[in-house]
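Okay, so here's the structure we're looking at.
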Amino acid sequence: MPHDHHDHDHDVPHSHEGMSPSGHPYRQDQDTPLTYWQNMEIAIRELLIEKGITSELEIMHTIDQMDSRSPADGAKVVARAWTDPEFHTRLMADASEASREMGFDIGALKLIAVENTKDVHNVVVCTLCSCYPRNLLGFPPDWYKQRAYRSRVVKTPRAVLLEFGLELPDDITIRVHDSTADMRYIVIPARPEGTEGLSESDLAALVSRDSMIGVARAMSPE
Amino acid sequence: MAEKVRVSTMMPPGHVRTPAYLRGKTGEIERTLGPFSNPEQLAYGLEAEKLPVHRVRFTMAEVWGAEAENPADTIDAEIYAHWLKPAET
């Protein structure tokens, strides 16, 4: 489950026959007709451009902007929360405003920060689709969008977290957050022990994407 | 004392943001957000009513009964106000 794809599951017997020289499967060229929804997307995009509501350049710019966002941005927010108690207070009150304050252009994102403590562990899902704080963290991992994760983590979160290598004792309460409507969620992982002397940027390097979804802890320093 | 609410069991068609697995379940309001436009109207380009959205906290015991992995663990979900009624105690 923790892997985004299974091309490298070398513990499973498999053959490299028909694979590229690097051992990856060849992908089919897309020589098939457009689907209904692909046609619909093109038609709407062309209409919006013809009517002057948007332009090709603006669309490319928006795609570039989406591509430039990454979990590193969220990690900086977490590290600031670990080191600056007043920022932490503002983040817990309004995570969107606190992220903007750090200079992140998150657009209309409405964000809630949920914090892991010694008693509580938080994990985020969108059972209905794939809602994710993309405007701060970039694109979600593939597994986040798959039915297996979405349907199982609300029912058996402990079993799912165990598959990610995260075992939680029974006296820690798990809070699953289902992003069903307007808000998006970022988990503020617990600050690892032995990090007292670290700088904010060294701390940010310990914060993985998965720890901000809640399927991992923040990493410990080497 | 947090307000106890029960999610409606209605099953309307359309762009509904209330997960089926929470319908009929009782939880406590964790916080209230919004008002936000009702997605059931907004998704179809209709004039959308502005509604409060409640973050409701359900226990695993309430949602999954005896199958719950750990009854005290919780699920929080955002539910539009028109889906919620005060729960009878």
- Note on the structure: Among A:ASN116, A:ASN39, A:ASN135, the residue with the largest mean-square fluctuation in a Gaussian network model of chain A built from Cα contacts under 10 Å is A:ASN39
- Message: Taking the number of other C-beta atoms within 10 Å as the exposure measure, put B:TYR21, B:TYR80 in order starting with the fewest.
- Response: B:TYR21, B:TYR80
- Message: Quick check on segment A:70-213: take the gyration tensor over C-alpha atoms, sort the square-rooted eigenvalues as a ≥ b ≥ c, and tell me if it's rounded (a/c under 1.5), prolate or oblate.
- Response: oblate
- Got a sec to turn the phi values of segment A:31-45 into Karplus ³J(HN,Hα) couplings, 6.51 cos²θ - 1.76 cosθ + 1.60 with θ = phi - 60°, whole Hz, x for Gly and Pro? 8, 9, x, 5, 7, 3, 6, 5, 4, 4, 4, 5, 4, 5, 4
- Query: For chain A, can you list the cysteines whose C-beta has no other cysteine C-beta under 4.7 Å from it?
  - Reply: A:CYS129
- Within a Cβ distance under 12 Å of A:ILE59, other residues only, what is the Lys/Arg minus Asp/Glu net charge? -4
- Query: When only alpha-carbon atoms count, how far does the protein assembly as shown stretch along each of its three principal axes, as whole angstroms with the largest first?
  - Reply: 61, 55, 45
- Message: Less than 15 Å apart at the alpha-carbon level, and either on another chain or at least 8 residues along: which aspartates and glutamates does that give for B:LYS50?
- Response: A:ASP182, B:GLU40, B:GLU78
- Task: Output the Cα-based Rg and Dmax of chain B in Å, rounding Rg to one decimal and Dmax to a whole number.
- Result: 13.6, 43
- Work out how much length A:THR117 to A:SER201 would gain on full extension: take 0.36 nm times their residue separation and subtract the Cα-Cα distance, in nm to one decimal. 28.1 nm
- Query: How well do other chains shield peptide A:75-88, expressed as the mean number of their Cβ atoms within 10 Å of each residue Cβ?
  - Reply: 0
- Message: With the crude spin-label approximation of a point 7 Å out along Cα→Cβ, what separation in nm comes out for A:CYS129 versus A:HIS61?
- Response: 2.5 nm
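Divide by every residue of chain A the summed helix terms, -39500 (n - 2.57) for each DSSP H run of at least 4, and state the resulting mean residue ellipticity at 222 nm, rounded to the nearest 500 deg cm²/dmol. The partial results should precede the final answer.
On the way: 11 runs with 88 residues, N = 222.
The helix contribution divided over chain A gives -10500 deg cm²/dmol.
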- Task: Could you work out, residue by residue across B:65-78, how many beta carbons of other chains sit within 10 Å of that residue's beta carbon, and then give the average as an integer?
- Result: 6
- Could you tell me whether segment A:143-183 comes out rounded, prolate or oblate from its Cα gyration tensor? Rule is a ≥ b ≥ c as square roots of the eigenvalues, rounded for a/c under 1.5, then prolate if a/b exceeds b/c, otherwise oblate. oblate
- Query: Taking R0 as 35 Å, what's the FRET efficiency between A:ILE53 and B:HIS82 from their Cβ-Cβ distance, rounded to 0.05?
  - Reply: 0.60
- Checked segment A:17-129 against the a/c 1.5 cut and the a/b vs b/c comparison, axes a ≥ b ≥ c from its Cα gyration tensor; verdict oblate
- Efficiency of FRET from Cβ geometry, A:ASP84 and A:GLU193, R₀ 22 Å, rounded to 0.05: 0.70
- Task: Run the numbers on segment A:70-213 and let me know its relative contact order in percent, using alpha-carbon pairs under 8 Å that are six or more apart.
- Result: 36 percent
- Note on the structure: Excluding residues fewer than 8 positions from B:LYS25 in its own chain, the lysines with Cα under 23 Å of it are A:LYS155, B:LYS4, B:LYS85
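Every number in this text was worked out from the coordinates using simple rules, so none of it is lab data. Note that this is a predicted model, so its numbers are computed, not measured. When we count neighbours, we look across all protein chains shown, and the Cβ atoms used for this are built from the backbone with ideal geometry, even at glycine.
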